[in-house]
Structure formats: C-alpha cells, structure tokens
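The numbers here are math on the coordinates, done by the rules we state, and not lab data. Quick caveat, the model's predicted, so the values are computed rather than measured. Cβ sites come from the backbone with ideal geometry, for glycine too, and all protein chains shown count toward neighbours.
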Amino acid sequence: MTDQSKNAQDLNGLQFYVSPSHDCSYLNEQHAITLFADPTSLLNNSQYQTLSKIGFRRSGEHIYRPHCSDCTACIPVRLTVNDFKPNRNQRRILKLNSNIKVTVCNSDFSDEHYRLYQRYIKSRHPGGGMDDDDVKSYKSFITSSWSDTYLYEFRIDSKLVAIAVTDHLNDSISAVYTFFDPNYSKNSLGVYSVLWQIEYGVKNKLLWLYLGYWIKDCKKMSYKDNYRPIEYFDGTNWNTLSDK
C-alpha cells in the first residue's frame with residue numbers, strides 16, 4: 001500500500017471544516033483561515049500521525065492546519081531525529097543543563113504545573129490573551145480526550161523549572177508546547193526541551209520530532225530553523241529547509 005493510499009484509508013470518513021477569517025496569531029495586520037478536522041470526532045493515533053504528516057497540529061481537542069488563500073507563511077516543520085547534529089550553542093546548552101532531571105507525567109491536571117504555566121505566560125506573553133487563562137482554559141489548551149499526551153517535568157534540585165507537553169505518535173513525537181520558569185531564562189530551557197525531545201526520539205527509535213510551524217517573519221516561530229537538518233512540508237512532500 002502506498003503512503004497516499006494509507007493516508008486516504010486512515011482519514012476515510014473524517015470531515016473537515018474551514019473557519020471564518022480571523023486575526024492572525026503570528027503576523028500583525030494579517031488575517032488567517034484555519035482548516036479543522038471535525039472536532040466531534042475522537043481521532044485515533046494512526047489518524048493523528050497521518051494528519052501530522054500533512055501539516056496538521058493539535059491544540060487542545062482540535063486538529064488544525066492553516067488554510068489561508070493569500071499567505072503561505074506558516075510552514076510545517078519536523079526533525080529527523082537521527083540526522084540531527086547540535087551546533088556549538090546547542091552543545092553549550094546541553095552542558096549547562098546537565099544537572100536537570102526529567103520525569104514523565106500523564107496529562108492529568110497538576111496545580112504545580114498550572115502555577116508554572118501562569119508565571120511563564122505573564123512573563124513571556126503579557127497582554128496576548130493567554131495571561132488570563134483560568135484552569136479550564138489551561139486544560140482545554142494543553143490536553144485532549146483522545147491524544148496520547150505526556151507532560152515531561154524538568155527539575156533542578158527538585159524545583160520544577162519547565163514542562164514539555166509532548167504527544168506520542170506511532171513512529172514520532174510532537175512538541176506541542178513548552179513553558180518554563182522565567183527566572184531560569186539563562187538556561188535556555190525552551191531550546192533544551194527541544195534537544196531533550198530529540199534525544200528521547202533517538203533513544204526510543206522514533207523517526208521524527210514535529211515542531212509545528214516555522215514562520216520566517218515571526219520571531220517566536222522563526223527560531224526553529226536553528227535545528228538542522230530540518231524538513232518542511234510544501235503541501236505535497238517533505239523537503240530539507242535549506243532548499244527553500
């Protein structure tokens with residue numbers, strides 16, 4: 001069975017919906033349109049993996065992909081974990097955080113996690129709408145009822161300093177969201193989280209780490225091309241980003 005045939009089989013019967021035009025979350029003065037998988041469908045891991053391979057992401061219960069008619073700035077990217085080679089700065093960050101202990105938790109609510117999330121959002125994204133998130137909003141953003149989601153705790157001397165929200169697919173993992181203690185900004189915990197997830201993928205014989213969307217003109221999304229070699233999805237195939 002070809003990949004295209006398997007994709008069609010996995011997604012057979014799944015409905016998709018297009019959102020109305022709305023303000024873009026990433027580019028100022030831009031509008032966006034989003035394509036959603038039917039939010040009433042409880043997806044399985046095979047479907048989620050297939051959707052990830054064609055550029056979809058999870059946010060809470062929703063699986064989505066940009067569907068803008070006049071903009072292609074949001075580019076799905078992923079890393080082939082076995083091909084990754086850390087650069088000098090990334091090796092420095094690995095060494096700096098060599099004392100961090102990582103443990104895995106299920107996606108059940110934790111007040112300790114939520115307090116860390118609140119501190120992170122208020123420090124890094126003030127006034128962006130997320131800084132008012134209550135417990136219900138936090139839960140609806142981080143977790144879902146159908147995904148195989150784990151929260152990886154990063155601790156220094158027993159102190160929780162970061163959480164990596166990670167979805168497990170059949171052959172890959174997806175870095176959904178990372179939040180960390182603003183007081184540890186010198187540790188570059190966002191970078192370290194990605195590096196740790198790459199190592200996790202290698203150790204567990206996985207193929208890819210999905211990183212979401214690379215947006216060249218958006219600082220909070222453009223950093224992803226620091227991880228090389230990285231692949232981008234052009235709507236049909238995955239290609240090395242250096243080719244773009």
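Quick one: in the stretch 181-234, which of the residues that are under 14 Å from the mean Cα position of the chain (by Cα) and of a type in the set (K, R) is surrounded by the most Cβ atoms within 10 Å (Cβ to Cβ)?
K224
For the structure I just gave you, tell me whether L43 is buried (at least 17 other Cβ atoms within 10 Å of the Cβ), on the phi < 0 side of the Ramachandran plot and in a loop (DSSP other than H, G, I, E, B).
Details: buried (at least 17 other Cβ atoms within 10 Å of the Cβ): yes; on the phi < 0 side of the Ramachandran plot: yes; in a loop (DSSP other than H, G, I, E, B): yes.
Yes: the conditions hold for L43.
Hey, can you tell me all the residues within the stretch 70-98 that are in contact with a helix residue (DSSP H, G or I) (Cβ under 7 Å, 6 or more places away or on another chain) and closer than 18 Å to R57 by Cβ? Give the derivation first.
As a first pass, look at the stretch 70-98 and keep what is in contact with a helix residue (DSSP H, G or I) (Cβ under 7 Å, 6 or more places away or on another chain): 77, 79, 81-82, 84, 86, 90, 93-94, 96-97.
V77, L79 - these are the residues of the stretch 70-98 that are in contact with a helix residue (DSSP H, G or I) (Cβ under 7 Å, 6 or more places away or on another chain) and closer than 18 Å to R57 by Cβ.
Which of the residues that make up the stretch 106-119 are surrounded by 13 or more Cβ atoms within 10 Å (Cβ to Cβ) and in contact with a strand residue (DSSP E or B) (Cβ under 7 Å, 6 or more places away or on another chain)?
The answer is S107, H113, L116, Y117.
Within the stretch 72-89, take every residue that is surrounded by fewer than 19 Cβ atoms within 10 Å (Cβ to Cβ) and within 21 Å of the chain's Cα centre (by Cα) and give me the one that is nearest to G190 (Cα to Cα). So that I can check it myself, show each step before the final result.
First pass over the stretch 72-89, keeping only residues surrounded by fewer than 19 Cβ atoms within 10 Å (Cβ to Cβ): 72-73, 80, 82-83, 85-89.
Checking which are within 21 Å of the chain's Cα centre (by Cα) leaves us with 72-73, 80, 82-83, 85-86.
Values: T72: 26, A73: 22, T80: 19, N82: 20, D83: 21, K85: 17, P86: 15 Å.
The selected residue is P86.
So for the stretch 51-69 (the condition being more than 19 Å from D167 (Cα to Cα) and in contact with a strand residue (DSSP E or B) (Cβ under 6 Å, 6 or more places away or on another chain)), does at least one residue qualify?
First, pick out the residues of the stretch 51-69 that are more than 19 Å from D167 (Cα to Cα): 66-69.
Filter again for in contact with a strand residue (DSSP E or B) (Cβ under 6 Å, 6 or more places away or on another chain), leaving 67-68.
Yes: one or more hits.
Matching residues to (1) within 30 Å of Y152 (Cβ to Cβ); (2) touching a Leu at 6+ places or on another chain (Cβ under 7 Å):
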residue	(1), (2)
D23	no, no
A37	yes, yes
Y48	yes, yes
L79	yes, yes
D83	yes, no
R91	yes, no
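What's the number of the only condition in (1) within 18 Å of V194 (Cβ to Cβ); (2) surrounded by fewer than 18 Cβ atoms within 10 Å (Cβ to Cβ); (3) among the charged types (D, E, K, R) that K122 fails to meet?
Unmet for K122, out of (1) within 18 Å of V194 (Cβ to Cβ); (2) surrounded by fewer than 18 Cβ atoms within 10 Å (Cβ to Cβ); (3) among the charged types (D, E, K, R): (1).
Scan the stretch 23-40 for residues that are part of a loop (DSSP other than H, G, I, E, B) and in contact with a Ser or Thr (Cβ under 9 Å, 6 or more places away or on another chain) and jot them down.
Step one: list which residues in the stretch 23-40 are part of a loop (DSSP other than H, G, I, E, B), which gives 24-30, 33, 38-40.
Once the filter is applied, which keeps residues that are part of a loop (DSSP other than H, G, I, E, B) and in contact with a Ser or Thr (Cβ under 9 Å, 6 or more places away or on another chain), the stretch 23-40 yields only I33.
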